[in-house]
Amino acid sequence: PQTAAGSSWFGCNRSVYTAPSLATCEVKFCYLILAFVCRVSQRLWDFSDSLNARISYLLEQGNADIATLQGVQETSNQLLYSQPYIRYQNAVITLRENNYSIDELDDLSGLNVVAFQGASRVLGTEYEQSIEQFGRYTEVTNQQSQVDLLLLRRIDAAVMDINIFQYYRRVANDHQPINLHLLFPPSDYRCAFRDPLLQQQFDQALKTYQASTDYRRLQLEYFGAINQPFAEQN
């Protein structure tokens, strides 16, 4: 069939997406899902890279047809959104040997915490206001460094997505017991569009993929578990 060309902005926590081997497991996971969906929709796509904060702006300005890694913006009257294609579950992660009791953000008071870049913006006002009580606080773009710092006992806690942590822990072949402190709600991410027909075509292709065995295999390969709930919702 005749294919049509399109463009999509693919975001990550880095200014340049250079190669899959240099990206986080979830960036790779997202890229493979989107590549499949675009292929099924019988369109040829150019993937461009941008910082997350700029992606929706580029779409609204007409510089792309799809913007990835978007939460639904209730105030936007211009954009349409796909069904979710990835769920992030951020947590406070500590080594079990430290026996920290962390049931609320105030329990991080005095601890050395390293979070992902932008955590103070996306994890809510209460988290942002709690940071000044931490013993030391840093945000980093290299999430593998969060895992390494925690496993080497150079920090007390890492704030990051559980799947990303588990991926890099497997890479390090480190099986130290950890505790997951689930202080944050899960976050579902979607693609944004200006064209309603393109949004409908994308959703149909995404639904097909999420019902496939390839989708389950992809989760096991990158996350070590089947924990994306969207196949059950379709």
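The values are calculated or read from the model by the stated rules, or taken from the named source; none is laboratory data. These figures come from a predicted structure and were not determined experimentally. Cβ sites come from the backbone with ideal geometry, for glycine too, and all protein chains shown count toward neighbours. The protein model used for the area step is the full one, side chains on, heavy atoms only, and it has no ligands, DNA or RNA in it. Shrake-Rupley method; radii C 1.70, N 1.55, O 1.52, S 1.80 Å.
Here are some notes:
- The residues on offer are P177, P185, and the sole one that is open to solvent by 70 Å² or more (accessible area, probe 1.4 Å), closer than 27 Å to I226 by Cβ and in contact with a helix residue (DSSP H, G or I) (Cβ under 8 Å, 6 or more places away or on another chain) is P177.
- Yes/no for T125 being out of contact with any helix residue (DSSP H, G or I) (no Cβ under 9 Å at 6 or more places or on another chain), more than 28 Å from L151 (Cα to Cα) and at pLDDT 90 or above: yes
- Flag if A91 is at pLDDT below 85 and surrounded by 17 or more Cβ atoms within 10 Å (Cβ to Cβ): no
- Within segment 183-209, the set of residues being within 30 Å of L123 (Cβ to Cβ) and free of Cβ contacts under 8 Å to residues at least 60 places away in the same chain comprises just one member, P185.
- Flag if I86 is within 30 Å of H175 (Cβ to Cβ), at pLDDT below 90 and open to solvent by less than 60 Å² (accessible area, probe 1.4 Å): yes
- Reported count of residues in segment 164-197, each being under 16 Å from the mean Cα position of the chain (by Cα), assigned to a helix (DSSP H, G or I) and more than 12 Å from I93 (Cβ to Cβ), is 1.
- Residues that are over 23 Å from L69 (Cα atoms) and of a type in the set (A, V, I, L, M, F, W, C), drawn from segment 112-141: V113, I131, F134
- Listing of strands (runs of 3 or more DSSP E) fully contained in segment 111-162 that carry 3 or more residues being open to solvent by less than 40 Å² (accessible area, probe 1.4 Å): 112-116, 157-161
- Odd one out for T208, checked against (1) open to solvent by 30 Å² or more (accessible area, probe 1.4 Å); (2) among the β-branched types (V, I, T); (3) over 30 Å from V40 (Cα atoms): (3)
- Filter pass, F202 being part of a helix (DSSP H, G or I), over 23 Å from V72 (Cα atoms) and hydrophobic (A, V, I, L, M, F, W, C): no
- Scanning segment 194-234 for residues that are over 23 Å from I162 (Cα atoms) and among the basic types (K, R) yields R194, K207.
- Checklist (1) over 30 Å from E60 (Cα atoms); (2) out of contact with any Asp or Glu (no Cβ under 7 Å at 6 or more places or on another chain); (3) modelled with pLDDT of 95 or more applied to L151, failing item: (2)
- Pairs with Cβ under 6 Å, 6+ apart, first in segment 89-117 and on the phi > 0 side of the Ramachandran plot, second open to solvent by 20 Å² or more (accessible area, probe 1.4 Å) and not in a helix (DSSP H, G or I): G110/G135
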